[in-house]
Amino acid sequence: MLDLIRPLAKHLVFPFVVLHERSSTLRHLAEMEKTQFLSSEKIKELQIIRMRELLKHAYKNCPFYTKRFDQHGFKPDKFYCLDDIRALPVLTKKEIQQNRDTMKARNLPNDLLVPNKTGGSTGSPLHFYLNADRLFSRQAATFRHNRWAGWDIGIKTASLWGSREDISGLQHFKVRARNFLLDRRIVLDTSSITPEKLAEFKIRLKRYKPALYIAYANAMYLYARYLKQNSSSDHHRPSAIITSAELLDSHQRQLIESVFECRVFDRYGSRETSVIASECEKHTGLHIGAECFLLEFVKDNKPVNPGEYGKIIITDLLNFGMPFIRYQIEDAGVPSGESCSCGRGLPIMKMAAGRVTDFLVTPERKIISGASLTIYLVANTPGVAQAQIVQESIDEIVLRIVKGDNFGEQSLAYLRTEFPKFFGPTMRYRLEFVDSIPLEASGKYRFSISKVDPAEIF
């Protein structure tokens, strides 16, 4: 069937929205489409230029960095090569939580700073700011990465996502009108999963016929497994699937690609940064968006060699509203050191130990996404410095909490009210206050741990 809305969305609606919003998305996108094919050396030269500009800005306009640079004798105008940045210490989440106001740029008024927050996949919610242009460059980077999977403006998509805000937002008339004419996506709520809900997914996807799925990795795997176990062959098949938010293992990829008869394009990103790295059509690893970021892979505070596991330290080269310089994002990866036959000069990495969030199961046999809980339960609870959810049995959960400065009766009242909305009225829970939450052997915090196998539910 001829899709008449697609060319309308791409050539008329989107340009109008860009003009109306005074967006720089198209400018950034056109630039990124060119810079991705620069040589690796030219990309490094671009990183040096942007890093030097960011460092000078941070030193002049952000009190936190003025003090930090002075304490370590770091001179932004003496920055000549990427290795020079290692003279600065890494930036931790705790430092950001404690110094948010002094990390903001003083030369930008508050109405030009856009607030954002992480869910805290490691159990530590983080509030931060972006300058407006960074929103547009993030959107452009997402567009470019999506194009590698065959997406373009106006194409219909489906998001299998644990974001309740995305779903509730689509109820507003203006949002629905924009979605119909431009964004053209349906959002399938994977914050909780039941066989009945997966059956509904099948019906909605078959009716809507999106060209592309964008999904939490574990949710996509559960849906694929549901279709296979129910011997369903009449389900909708997209042209490609993008997975994100959680680590995708080879077994999950194999099943998803087998069931949907298309390729999976894995992705690495975060709320703090948006898309960091994605697979291209060659699937040889994840291309880092190096025009926007500098990624370091370190072990024992030293850079690792290509092919070796290291903790990821990231600098966002384009966020001038609240710079993140050498931010320890609490993920781990492996730098490749190899080039890709696609011709892009963007460096390649692989994930070694991504965010680990188990699914949890309610007494009513619903499966709850650990990733969605980080955004909609923990991040919104006042005064939680860090948290971990442990499911001991089908009807009991332990919530371990490291108290922050503002934790109190309001926090407890919020949990009493919100907890049943996720887990139902019969789930028992108890709070366990701890001084710290230990790391896994991989060096990661594990936000949710389930001792109940979700596979038993289906």
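The values are calculated or read from the model by the stated rules, or taken from the named source; none is laboratory data. The structure presented is a predicted model; accordingly, all values stated were derived computationally and were not measured. Methodologically, a virtual Cβ is constructed for each residue, glycine included, from the backbone with ideal geometry; neighbour enumeration extends over all protein chains shown.
Things worth noting here:
- Any chance G307 is touching a residue at least 24 places away in the same chain (Cβ under 8 Å), touching a Ser or Thr at 6+ places or on another chain (Cβ under 8 Å), more than 26 Å from I241 (Cβ to Cβ) and surrounded by fewer than 22 Cβ atoms within 10 Å (Cβ to Cβ): yes
- Out of F324, F265, one residue alone is in contact with a Ser or Thr (Cβ under 8 Å, 6 or more places away or on another chain), within 26 Å of F447 (Cα to Cα) and in a loop (DSSP other than H, G, I, E, B). It is F324.
- Residue tally, condition crowded, with 21+ Cβ neighbours inside 10 Å and either of a type in the set (D, E) or touching a residue at least 60 places away in the same chain (Cβ under 8 Å) (or both), over the range 193-213: 2
- Consider the range 381-417 and keep the residues that are assigned to a strand (DSSP E or B) and basic (K, R). The one that is farthest from P125 (Cα to Cα) is R400.
- Tally of residues being within 28 Å of the chain's Cα centre (by Cα), polar (S, T, N, Q) and part of a loop (DSSP other than H, G, I, E, B) across the range 224-249: 1
- In the range 155-184, the residues that are under 17 Å from I5 (Cβ atoms) and at pLDDT 90 or above: I155, K156, T157, A158
- Considering residues of the range 1-45 that are among the aromatic types (F, W, Y) and surrounded by 13 or more Cβ atoms within 10 Å (Cβ to Cβ) only, the residue nearest to D152 (Cα to Cα): F14
- Boolean, G337 is among the small types (G, A, S), in a loop (DSSP other than H, G, I, E, B) and at pLDDT 95 or above: no
- Of everything in the range 425-449 that is in a strand (DSSP E or B) and modelled with pLDDT of 80 or more, the residue that is farthest from I397 (Cα to Cα) is F433.
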